[in-house]
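Remarks on the structure that follows.
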Amino acid sequence: MILTVNLNPTTDIVVPVSVIKRGEVLRSRSTLSYPGGKASNTARALSALGLRPLLTGFCGNRDLSDTIHFLSTHKIEADLIPVKGRNRISVFLNEFSPVSETVINSDSVFRPTLAQKSELVRKIKKHSKISSYTLLSGSLPASLPAVFYRILINGIKKNTNVFFDASGPELYQGIKAMPDIVKVNERELSCAFRLKLNSAEKIKKTISSLCKKYQIRIFILTLGEKGFIHFKNEKFVFFPAPKSKKVISPVGSGDALSAGYLYALSLGFNEIEAAKYGAACAHANTRTLG
């Protein structure tokens, strides 16, 4: 089983428009709205590939019923902890000419109690014991300290393989807990460690150094529309993004990459084959809306 952990859930609103013109009224033929968050997106992609992932984490109590129903329709088992309030809003403006993405994120306003945080830790430890991989992905609620991921990883890394995907202070702190697999994009890596990654050699040196220092087994650095870099055992492999004439939306492609990678690993494929699955899933995701 694959466990996915969603600590800062969202309500995603996807708005496709032909072109964004500032100061004007824009019209969209269709919009999408659904419960989101990086770990939730990855769980949905894993389910689409044929696995039955388990999703745990926090959820605003006013969104709990809709979220559980939505996940159930996607054949995802949910073991969520309701927290007073609503999930934060994320708005995705998808421009078609040219294809681009503008994201508007709001901060989480709910505050888990000490009892709810303890319950979360207990659930993650329990489920991680029967999970081959555990995905910790996305931002933390503003009320939680940046070291929270670090605490979680330290508590479960003996039970499972930890796949870690975060940014900012959460990334900086979480890496110190020595997760097995780290996936970030170039900007997230640069900001978290206050580095100027202005050359291929600088990127390689940074990744190699982090992996040695924190005993990270696999490091995946995504490069947007260019593709991604896969690193293991001092070997770098570049996977270019497949060419496509029909890109509809890049929303969630990084999460689809994570799903494809974990899917292949769970079936016993090696890391290079898993990276190919990840690239294929990320590409397939660009051909769908939302």
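The values are calculated or read from the model by the stated rules, or taken from the named source; none is laboratory data. Here the structure is a predicted model, which is why all the values come from computation and not from measurement. Using ideal geometry, Cβ is built from the backbone for each residue, glycine included, and neighbour counts are taken over all protein chains shown. For accessibility, only protein heavy atoms count, side chains too; no ligands or nucleic acids. Shrake-Rupley method; radii C 1.70, N 1.55, O 1.52, S 1.80 Å.
Our note on the geometry: Cα centres of region 276-290 and region 107-135, 28 Å apart. Take the Cα radius of gyration of region 26-161 and divide it by 2.2 N^0.38 Å, N being the number of residues; the result is 1.14. Summed over qualifying helices (DSSP H, 4 residues or more, each -39500 (n - 2.57)) and divided by its residue number, the chain shows a 222 nm mean residue ellipticity of -11000 deg cm²/dmol.
Average accessible surface for region 143-215: 49 Å² per residue, computed with a 1.4 Å probe over protein heavy atoms with every protein chain in place. Of the listed residues 180, 165, 66, the order by accessible area with a 1.4 Å probe, largest first, is 66, 180, 165. Put simply, the Cα atoms of region 54-132 extend 47, 29, 22 Å along their principal axes, the longest span coming first. Accessible surface of the chain, 1.4 Å probe: 52 percent of it comes from carbon and sulfur atoms.
Each peptide among 47-57, 94-104 gets the average number of other Cβ atoms lying within 10 Å of its residues, and from highest to lowest they stand as 47-57, 94-104. Could you tell me which of rounded, prolate or oblate describes the chain, using a ≥ b ≥ c as the square roots of the eigenvalues of the alpha-carbon gyration tensor, with rounded for a/c under 1.5 and, failing that, prolate when a/b is larger than b/c and oblate otherwise? The shape class here is rounded.
Computed with a 1.4 Å probe over protein heavy atoms only, the accessible surface of region 1-106 comes to 50 Å² per residue. Normalised by the number of residues in the chain, the mean separation of alpha-carbon contacts (under 8 Å, six or more apart) gives a relative contact order of 16 percent.
I want to check the label-to-label distance for residue 100 and residue 73. Put each point 7 Å from Cα in the C-beta direction and report it in nm to one decimal. Rounded to a tenth, the inter-label distance reads 3.2 nm. Note on residue 202: lysines with a C-alpha under 20 Å away, same-chain residues under 8 apart excluded, are 183, 212, 213, 226, 232, 235. Solvent-free Debye calculation, one equal scatterer per alpha-carbon of region 97-239: log10 I(q)/I(0) at 0.14, 0.16, 0.22 Å⁻¹ equals -0.73, -0.92, -1.40. Charge dipole (Cα centre; +1 on Lys/Arg Cβ, -1 on Asp/Glu Cβ; no other charges) of the chain amounts to roughly 480 debye.
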